[in-house]
Amino acid sequence: MQSDLVCINAACGVRYGITEILYNCPKCGGLLEARYEFGHPDASMLKRTWRERRMSNAPLDQSGVWRYRELFPFVDDDRHIVTLREGNTPLLSGPRAASYGGLDHLTFKHQGFNPTGSFKDNGMTAGVAQARRLGMKRVACVSTGNTSASMAAYASAGGLEPLIFIPHGNISYGKLAQALEYGAKTFQVEANFDQILALVRVLAERLGIYLLNSINPFRIEGQKSIVIEMMDQRDWKAPDWIVLPGGNLGNTSAFGKGLREMYELGMIDRLPRLVVVQAEGASPFYEYMQKRRLQENALSPFIPTEHPETLATAIKIGDPVSWPKAQFEVETTNGVVERVSEQEIADAKAIIGQSGIGCEPASAATLAGIRKLTSAGVMSRDADVVAVLTGNVLKDPDYIYRYHTGQLKGHGGAKDSDCPIHPNFGNRPIVVPNDADRITELIS
Ligand code: F0G
């Protein structure tokens, strides 16, 4: 099948070969995406094939990404693919979280069940397949944690050398530990995510290293599988809303592209509305979309946040590379962008925990956003909503302990560092003597 890399900038639209090593259009600087001549496949036949693959023992069929390979047919040879059986993440219903969010029902798609603990695995298996196909030996990324753990695992599993760049002192130990354990050469840089991304792009060019941040269009192709699997699990009934946390906005771009393609191929009969939720201290996309909405046709510029701040480190990004794609996808689905405070994220996270589900701080922005949108009347109580929990509860144990013991403060930025977060749903551990009578008293 014909596949190309195409500049998404409508005024440019130049096509490049699928094996060219490009991250931006050389002509206009626009973002690139993979496009295919799908023709007219039989949608019901494909759906049946994908269902049948769930019973197969073949590694690619067992992968919750490659099972859907007909919708991202860019690899020319399956031997390039490395799978850790990513995807296959559950849809979980959360009644306690639904009522907190002002909804009758709420479903979570929990990407924290992935092999390295986040949704990044869905994209990384695709990015690493392309790296191997191109004959690259070294791969690199900047990361606030999840991307680095994922890239380290997939690169090492595929015999490539992973090089990881992380903001010094601003990454969770669990994630750093994974990167080290999976054998990545790890650089802690004295700069923030956005600055390090610019640095890594220079190094990638200079040293011929393949860049595996979400600016890489093949990462986006793999991440489309999250929403394809979601529709498969829902028997192809599209929800009213899909809610995502927004950082670099790669996932928003992937969801929008996946939904559009499924809609065009007749697999779903409507487009769900996308909701992107950002943290207040790192919300340039919210501000931009707000301006576009209020000024209608005005061409307002995108203004990055120079010093992004949030305790939800995964979305602590001030200059998201994929904002033009995300803008298009949000507007195409008649979507909404919201932002939430540190207190709102922390409380929503505790509620997701109390539901027996749990997630990392960035993921909890979804429930906090839902609560705001239902109270504003944007989302109705009986809406069919899927919130995507992007990462595992074990990402930031320190955050959890501090919240439950009333020690969580501000977002670590100078200006709010003394702003306490109230443990509205706190659950303090109790220190007790080795005394059965005393403990009995406390329990009863
Ligand atoms: N949720 C989690 C758990 C993440 O790790 C990230 C991004 C996001 C949400 C934001 O997704 O960038 O597609 O809008 N983490 C990156 C990293 C930055 O380095 O792991 P996005």
Stokes-Einstein D (µm²/s) once Rh is taken as the Kirkwood radius of region 216-368 over alpha-carbon pairs, at 37 °C in 0.692 mPa s: 206 µm²/s
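Given an 8 Å cut-off on Cα distances and at least 6 residues of separation, report the relative contact order of the chain as a percent. The partial results should precede the final answer.
Values: 901 pairs, mean separation 68.6, N = 444.
For the chain, the relative contact order is 15 percent.
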Rounded to two decimals, what is the ratio between the C-alpha radius of gyration of region 92-247 and 2.2 N^0.38 Å? 1.14
Of every Cα-Cα pair in the chain, the percentage lying beyond 41 Å is 13 percent
Quote the FRET efficiency, to the nearest 0.05, computed for ASP382 versus ALA157 with a Förster distance R0 of 45 Å and r equal to the Cβ-Cβ distance. 0.50
GLY318 long-range amide H proximity, modeled H, under 5 Å: ASP194
Toy charge model, Lys and Arg Cβ at +1, Asp and Glu Cβ at -1: region 45-202 dipole around Cα centroid in debye, rounded to 20, equals 320 debye
Using a Gaussian network for the chain with springs between C-alpha atoms less than 10 Å apart, which of these wobbles most: ARG48, ARG381, ARG292? ARG48
How much accessible area per residue does region 194-353 have, counting only protein heavy atoms and a probe of 1.4 Å, in square angstrom? 33 Å²
On the principal axes of its Cα set, how long, how wide and how thick is region 298-357? Give whole Å, largest value first. 43, 30, 18
Alpha-carbon centroids, region 148-217 and region 241-302: separation in whole Å: 26 Å
Once both axes come from the Cα atoms, what is the angle between helix 193-207 and the longest principal axis of the chain, in degrees from 0 to 90, rounded to 10? 30 degrees
Mind pulling up the Rg/Rh value for region 1-113? Radius of gyration and Kirkwood radius, both on Cα. 1.09
Phi-based couplings in Hz for region 271-278 (Karplus 6.51, -1.76, 1.60; Gly and Pro marked x): 9, x, 7, 8, 10, 10, 10, 10
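FRET efficiency for PHE425 and SER44, Cβ-Cβ distance as r, R0 = 35 Å, nearest 0.05? Walk me through the intermediate numbers first.
Values: r = 45 Å, r/R0 = 1.29.
Plugging the Cβ-Cβ distance into 1/(1 + (r/R0)^6) gives 0.20.
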Rounded to the nearest 5, what % of the DSSP beta bridges within the chain are antiparallel ones? 35 percent
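Within the chain, what's the longest run with no GluC sites (Glu not before Pro) in a DSSP loop and at most 14 other beta-carbon atoms within 10 Å? Give the range, please. Each step should come with its number before you reach the end.
On the way: sites that count: GLU20, GLU37, GLU190, GLU296, GLU306.
Formally, the longest exposed-site-free interval is 38-189.
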How large is Rg/Rh for region 235-315, to two decimals, with Cα atoms and a Kirkwood Rh? 1.04
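What accessible area per residue comes out for region 1-41, rounded to a whole number of Å², with a 1.4 Å probe?
Computed with neighbouring chains in place, this is 53 Å² per residue.
Measuring with a 1.4 Å probe in the full set of protein chains, what accessible area per residue, in whole Å², belongs to region 100-148?
Here the residues of region 100-148 average 22 Å² of exposed surface.
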Please give the Cα centre distance for region 419-444 versus region 7-74, rounded to the nearest Å. 52 Å
Radius, Kirkwood style, for region 286-442 when every pair of distinct Cα atoms is counted (Å): 17.9 Å
Express the carbon and sulfur contribution to the solvent-accessible surface of the chain as a percent, rounded to the nearest whole number, probe 1.4 angstrom. 51 percent
Can you give the angle from 0 to 90° between the axis of helix 342-354 and the longest principal axis of the chain, with both taken from C-alpha atoms, to the nearest 10? 90 degrees
Checking the table LYS47/LYS185; LYS120/LYS409; LYS185/LYS395; LYS120/LYS237 against a 32 Å threshold on Cα-Cα, which pairs fail? LYS47/LYS185
Rounding to the nearest 10 and keeping the result within 0 to 90°, find how far the Cα-based axis of helix 250-264 lies from the longest principal axis of the chain. 60 degrees
Whole-Hz Karplus ³J(HN,Hα) for region 161-175, in order, using 6.51 cos²θ - 1.76 cosθ + 1.60 and θ = phi - 60°, x for Gly and Pro? 8, x, 10, 10, 10, 10, x, 4, x, 10, 9, 6, 4, x, 6
Phi-derived 3J(HN,Hα) across region 319-333 with the Karplus relation (6.51, -1.76, 1.60, θ = phi - 60°), rounded Hz, x for Gly and Pro, is 10, x, 5, 8, 4, x, 5, 4, 4, 4, 5, 5, 6, 5, 9
Candidates per trypsin sites (Lys or Arg not before Pro) in region 194-247, loop by DSSP, up to 13 other Cβ within 10 Å: LYS237
Square roots of five times the Cα gyration tensor eigenvalues for region 211-261, Å: 21, 12, 8
Near LYS27, which lysines are there with a Cα under 21 Å away, not counting those fewer than 8 places off in the same chain? LYS325
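The values are calculated or read from the model by the stated rules, or taken from the named source; none is laboratory data. The model shown is predicted, which means the values in this text are computed figures rather than measured ones. Neighbour counts run over all protein chains shown; Cβ positions are idealised from the backbone, glycine included. Surface areas here come from the heavy atoms of the whole protein model, side chains and all, with no ligands, DNA or RNA. Shrake-Rupley method; radii C 1.70, N 1.55, O 1.52, S 1.80 Å.
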